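Sharing a structure, written as structure tokens. Questions coming.
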Amino acid sequence: MWLNIKTYDQYKDVYRESRENRLDFWEHEAGTYYWRKRWDKVHSGSFKKGDIKWFEGGKLNVTENALDRHLNTIGSKTAFIFEPNHPDSFRRTITYRQLHEDVCRFANVLESKGIQKGDRVCIYMAMTPELVISALACARIGAVHSIVFAGFSAQSLAERIQDCDAKMLITNDGLRRGDKHVPLKDISDEALQNCPSVDHVIVCQRTNRDIEWVEGRDEWWHLLIRNASKHHEAVEMDAEDPLFILYTSGSTGKPKGQMHTCGGYMVYTSYTFRNVFQVAENDIYWCTADAGWITGHSYIIYGPLFNGATGIIFEGTPTYPDPGRFWEVVDKYKVTHFYTAPTAIRALMKEDLSYVKKYDLSSLKVLGTVGEPINEEAWHWYHDQIGNGNCPIVDTWWQTETGGIMISALAGVTPEKPGFATLPLPGIEPALLDENGKLIEGNGVEGNLCIKHPWPGITRSIWGDHDRYLETYMKPYKGYYFTGDGCKRDENGFYRITGRVDDVLNVSGHRLGTAEIENAIDEHDNVVESAVVGYPHDVKGQGIYAFMICEDEPNNGETFEKEVRDLVTKIIGPIAKPDKMMVVPGLPKTRSGKIMRRILRSIAANDLENIGDTSTLLDPAVVEEIKSRQA
Ligand code: WTA
């Protein structure tokens, strides 16, 4: 029987049991899935060595658990409702049986193009059912999918394709996001000029715009699937075979390809989805994320499908055609579970309340947030205006690396507290450590958030760079997994994530490495050196502030800033554009040449009183100069 925790007392019991018999707990959970062969060993490896394995020797295919297993029971149930960018465009629903057929068809197409188990396939697509079908078809044949958010630039796309040597790219002719058009095929063509590993490009029609065509390389999705069989025997995978790679930003310039494996990821996303959201049989669950991020992977595609839920695939934005769009969709489909980012809530809360009041939101039962800390004001607005004061809110803390939710209330089951992710899920033991690596015990404390024991959903490696994996997560605190987040534990043992303690920004819930943005800015002919920091932004959570040393003082500040923004958009994508910029005569550096970001952060936040000690700087006068420019 699947574990579905229904009371706070049960949560406490299960938590205790999971602590006492960790492996039994996970073994029991794993036992509820369809395995072609049961595992030989529940778990091996450690954080010390960074060689974590779960359910080794087990054989399975995740799509048999997401699709085939449901056919006899809920084959005619809706798996997905597709809501297009424009409310008047063609919408459709897809049952589990249809999705199974579509995935089988496309799996046959992939195989006919020579894609085999272990090959990497890059997916750069609009948020449509075909994106989900592409990912699942890869999983079905054992190919490793690497979904790249369709807001990244040609250069970022190329970098991700090169890093994993993808053999195929699946894309659209273009996409519409709000009133913007993104020419995905043009961007792909540009990227592929530098990607010799890609032999095949499959293009799914979405915007019907004119595109370039490379004969022998490019093929239309709709022509390929026309004659493909709807039967496909899933390829048998080892539990520890890679399922997908997803790139995420780290504190150095190069994005990290997080590698998740079949068995552990399946068990973990399914377990967390079920217990956190508490979705019942006829509920309509909507996660507004894009499948290009981990939230989309785990809680649009995999977690809900393993549980046989009905989800929404939403192509649009919160404010198109007007800021009532989310609420219109909730009303239209009688959504029961709504999961979004604090950024979206903060943006919508600034709009006139009539955009909310126009719609009937009484179907809502559970609200969720993810990706960044939620401030109390936004929490209360969400709770009162959207949830009508009676929907539990799950503030779910987790990361691309963790695969699934780690710290969160279980909806309506465990207590909530505004601004707090609250309690760890059974099977997860958080630990707070101080700067010196000492464990901080007791309550009413604050430290760096680590996890004590491996769990099935943890990333197994960084693609092609296991050393970096060890360096980033395993070495900072020996014997623990280090999250990179700061965290408070209140007097009741509830956790509140305070934000990143490394050089990673969280802008509108998206992770961006400062080094990545700096590298892009430094490409400008006139920029000698730059330093990027975050500052508090009332909608995005964090805004991007770039300090730049220039060769020549720019004649026209506005033109220069526009050039820098365009450059960052070109190199990374629009999400990484600096919000504010300042040309500075120098950067505050220590004698060893390290930029003191703490100082820049205070200046960016306009907190000029609390700059702190500058005596260790090579040139303290620089700080005064920057301060005067800020004022
Ligand atoms: C932050 C997103 C506060 C955190 C699923 C983490 C959060 C990073 C929360 C991971 C939350 C995520 N409260 N902060 N509920 N959820 N974060 O990899 O800093 O895109 O380390 O995964 O987002 O971002 P990622």
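In segment 344-380, what count of residues is obtained for those that are within 12 Å of the ligand (Cβ to nearest atom), open to solvent by 10 Å² or more (accessible area, probe 1.4 Å) and within 18 Å of the chain's Cα centre (by Cα)?
Looking only at that region, the number is 4.
For a quick check of your reading: which strands (runs of 3 or more DSSP E) sit entirely within segment 88-166 and have at least 3 residues that are in contact with a strand residue (DSSP E or B) (Cβ under 6 Å, 6 or more places away or on another chain) and buried (at least 20 other Cβ atoms within 10 Å of the Cβ)? Can you show your working first?
Details: elements: 92-95, 120-124, 144-147.
Counting at least 3 such residues, we get 120-124, 144-147.
Within segment 473-501, take every residue that is within 12 Å of the ligand (Cβ to nearest atom) and open to solvent by 40 Å² or more (accessible area, probe 1.4 Å) and give me the one that is nearest to residue 405 (Cα to Cα).
Restricting to residues being within 12 Å of the ligand (Cβ to nearest atom) and open to solvent by 40 Å² or more (accessible area, probe 1.4 Å), the top hit is 496.
Residues that are open to solvent by 20 Å² or more (accessible area, probe 1.4 Å), under 14 Å from residue 532 (Cβ atoms) and without any contact (Cβ under 8 Å) to a residue 24 or more places away in the chain: does segment 563-570 have at least one? Give the derivation first.
Let us first name the residues in segment 563-570 that are open to solvent by 20 Å² or more (accessible area, probe 1.4 Å), namely 563, 565-567, 569-570.
This time we only want the ones that are under 14 Å from residue 532 (Cβ atoms), so: 565, 567.
From what is left, the residues that are without any contact (Cβ under 8 Å) to a residue 24 or more places away in the chain are 565.
Scanning segment 563-570 turns up at least one residue that is open to solvent by 20 Å² or more (accessible area, probe 1.4 Å), under 14 Å from residue 532 (Cβ atoms) and without any contact (Cβ under 8 Å) to a residue 24 or more places away in the chain.
In addition: Could you count how many residues in segment 388-428 are more than 29 Å from residue 23 (Cβ to Cβ), within 13 Å of the ligand (Cβ to nearest atom) and small (Gly, Ala, Ser)?
Count: 1.
Follow-up question, since we're still on this one. Inside segment 1-30, can you point out the residues that are assigned to a loop (DSSP other than H, G, I, E, B) and open to solvent by less than 40 Å² (accessible area, probe 1.4 Å)? Reasoning before the result, please.
From segment 1-30, those assigned to a loop (DSSP other than H, G, I, E, B) are 1-7, 21; that's our starting set.
Correct list: 3, 5.
A quick yes/no check of all residues on (1) of a type in the set (S, T, N, Q); (2) more than 21 Å from residue 320 (Cα to Cα):
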position	(1), (2)
351	no, no
354	yes, no
357	no, no
361	no, no
364	no, yes
372	no, yes
387	no, yes
391	no, yes
396	yes, yes
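Another question, if that's okay. Residues 245, 187: which one is of a type in the set (A, V, I, L, M, F, W, C), in contact (Cβ under 8 Å) with a residue 12 or more places away in the chain and part of a strand (DSSP E or B)?
Numbers: 187 fails: part of a strand (DSSP E or B).
That would be 245, the only listed residue that is of a type in the set (A, V, I, L, M, F, W, C), in contact (Cβ under 8 Å) with a residue 12 or more places away in the chain and part of a strand (DSSP E or B).
Among (1) crowded, with 17+ Cβ neighbours inside 10 Å; (2) more than 15 Å from the ligand (Cβ to nearest atom); (3) without any contact (Cβ under 8 Å) to a residue 40 or more places away in the chain, where does residue 436 come up short?
Among (1) crowded, with 17+ Cβ neighbours inside 10 Å; (2) more than 15 Å from the ligand (Cβ to nearest atom); (3) without any contact (Cβ under 8 Å) to a residue 40 or more places away in the chain, the lone unmet condition for residue 436 is (1).
Need pairs with beta-carbon distance below 7 Å; first residue open to solvent by 20 Å² or more (accessible area, probe 1.4 Å) and within segment 502-517, second part of a strand (DSSP E or B) and more than 11 Å from the ligand (Cβ to nearest atom); sequence gap 6+ or separate chains.
Filtered contacts from segment 502-517: 503/513.
The values are calculated or read from the model by the stated rules, or taken from the named source; none is laboratory data. Treat the numbers as computed from the prediction; the structure is a model and nothing was measured. Every residue, glycine as well, gets a Cβ built from its backbone with ideal geometry; the counts of neighbours run over all protein chains shown. When the accessible area is computed, the model is the full protein with side chains, heavy atoms only, and any ligands, DNA or RNA have been set aside. Shrake-Rupley method; radii C 1.70, N 1.55, O 1.52, S 1.80 Å.
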